[in-house]
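*Asks:* Encoded as structure tokens, here's the structure I'll be asking about.
Computed from the coordinates by the stated procedures, all read-outs in this text should not be read as laboratory data. All values reported here derive from a predicted model rather than from experimental measurement. When we count neighbours, we look across all protein chains shown, and the Cβ atoms used for this are built from the backbone with ideal geometry, even at glycine.
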């Protein structure tokens, strides 16, 4: 067998299979790949078995069901199984992966929506790994292969620092003539 | 000078007075002298003695005791008059001399006192000017030191203020972030952050695409 050169992770997929938004991380892709390979092995073994032998088909996971339904495929069809295996192998090997850090563990719905946006705007096979970084407050930190995009509230405040400074100067300038101490919040009386 | 002149005048007056008194005394005793000499000569010759005796008698008759007494009285009166006049002149001269002496002493004392007072005043003025200069110099030094201290304090205050402001501005994002997290950190749901995250992703979309496509 001829050894193939490693393909870049941004190489275009040849298949028309699309990843469902519920599949987010490379670990899920690997899990799907193992699952579909087990299913394919099962059907291959089933073809070798004698008829009348009772067998139990492996149960499909929710992600597998989602993958099959979204792509309107049939796991009983060997061609479809091979297409899925090929797609998942290519995805596992070459799909672009970004790492996103949040202050707390994000819910699955949030990661799915982020995956949907990334696949719609960046790359259709984009995968996400999730990490924790408690000190960022709100927002997230996106890390690609070469860069780190700080999308946190802390960075947002840093960018808006001049606005804070200007507002602070305005507040201090307005406060200086009266010198009556810090401004009282609205509705608070002495 | 005037004192010397005054002494010469006094000596002159005394000499004149002495001469007059000597002349009067000699004049009073002269009538007896020729008489004694004639007595001596009477021993040597008769004629001469007779003549001399006759002259003597005539003299005795003319210059009798009353005439002599009268001459003495006149001389006494004249002498007293001269003495009185000279005494008056002497008194006038003494008064004039005393007056001049008084004026001289007064002028001398006044001049000396004026000189001393002038020297004293100059010394006082010099000491006063010296004290004023010293005080002025001290005030200038104090003023310069005060200005230097004021400027140094102002510069240090401005520098410290700038440092504090720079530190505050440099860490303002962290301060605000910390404050926001402390205030509402637990109330921020992750699902509510989706719009913010999507917005941030939209802002960095091109950079992410470029990095994903070129940075494989």
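*Asks:* Let a ≥ b ≥ c be the square roots of the eigenvalues of the Cα gyration tensor of the stretch A:38-145; is it rounded (a/c under 1.5), or, if not, prolate (a/b larger than b/c) or oblate?
*Replies:* prolate
*Asks:* Follow-up question, since we're still on this one. Rounded to the nearest 5, what % of the DSSP beta bridges within the protein assembly as shown are antiparallel ones?
*Replies:* Here the antiparallel bridges make up roughly 60 percent for the protein assembly as shown.
*Asks:* Give me A:149, A:42 sorted ascending by neighbouring Cβ count inside 10 Å, so fewest comes first.
*Replies:* Working: A:149 20, A:42 15.
Ascending number of Cβ neighbours within 10 Å: A:42, A:149.
*Asks:* With labels modelled as points extended 7 Å from the Cα through the Cβ direction, what inter-label distance (nm, one decimal) is found for residue B:127 paired with residue B:81?
*Replies:* 6.9 nm
*Asks:* Can you put B:79, A:157 in order, fewest other beta carbons within 10 Å first?
*Replies:* B:79, A:157
*Asks:* Rounded to the nearest Å, what's the spacing between the alpha carbon centres of the stretch B:113-172 and the stretch A:59-129? Just the number, please.
*Replies:* Here the two parts' Cα centres lie 82 Å apart.
*Asks:* Per residue of B:201-211, what is the mean number of Cβ atoms on other protein chains within 10 angstrom of that residue's Cβ?
*Replies:* Average per residue, whole number: 5.
*Asks:* How far, in degrees from 0 to 90, does helix B:65-170 lean away from the longest principal axis of the Cα atoms of chain B, to the nearest 10?
*Replies:* Between helix and principal axis, roughly 10 degrees.
*Asks:* Further question: In degrees, nearest 10, range 0 to 90: what is the angle between the Cα axis of helix B:205-214 and the longest Cα principal axis of chain B?
*Replies:* It is inclined by approximately 70 degrees.
*Asks:* If you don't mind, another one. Taking 37 °C and 0.692 mPa s as the conditions, I'd like the Stokes-Einstein D for chain B in µm²/s, using the Kirkwood hydrodynamic radius from alpha carbon pairs.
*Replies:* So the translational diffusion coefficient is about 101 µm²/s.
*Asks:* Same structure, new question: Could you tell me whether the protein assembly as shown comes out rounded, prolate or oblate from its Cα gyration tensor? Rule is a ≥ b ≥ c as square roots of the eigenvalues, rounded for a/c under 1.5, then prolate if a/b exceeds b/c, otherwise oblate.
*Replies:* Prolate, since a/c reaches 1.5 and a/b exceeds b/c.
*Asks:* Comparing B:91, B:144, B:162, which has the greatest mean-square fluctuation in the GNM of chain B with Cα pairs linked when under 10 Å apart?
*Replies:* In this elastic network of chain B, the residue with the biggest mean-square fluctuation among B:91, B:144, B:162 is B:162.
*Asks:* Further, regarding this structure: Just to confirm the number: angle between the C-alpha axis of helix B:194-203 and the first principal axis of chain B, 0 to 90 degrees, nearest 10?
*Replies:* With rounding to tens, the tilt is 80 degrees.
*Asks:* Please average, across the residues of B:164-176, the number of beta carbons from any other chain that are within 10 Å of each residue's own beta carbon, and give a whole number.
*Replies:* 4
*Asks:* I've got another one for you. What percent do you get for the relative contact order of chain B when only Cα pairs under 8 Å and 6+ apart count?
*Replies:* 17 percent
*Asks:* Next up: Find the all-direction average of the projected area of the Cα convex hull for the stretch A:96-177, expressing the result in square nanometres with one decimal place.
*Replies:* 7.0 nm²
*Asks:* Apply 1/(1 + (r/R0)^6) to the Cβ-Cβ distance of residue A:109 and residue A:48, taking R0 = 45 Å, and write down the FRET efficiency to the nearest 0.05.
*Replies:* 0.55
*Asks:* As a check on your grasp of the helix formula, calculate [θ] at 222 nm for the protein assembly as shown: sum -39500 (n - 2.57) over DSSP H runs of n ≥ 4, divide by the residue count, round to the nearest 500.
*Replies:* -24000 deg cm²/dmol
*Asks:* While we're here: In nanometres, what is the gap between the two model label sites at residue B:140 and residue B:213, each 7 Å from Cα along Cα-to-Cβ?
*Replies:* Distance between the two pseudo-spin positions: 7.9 nm.
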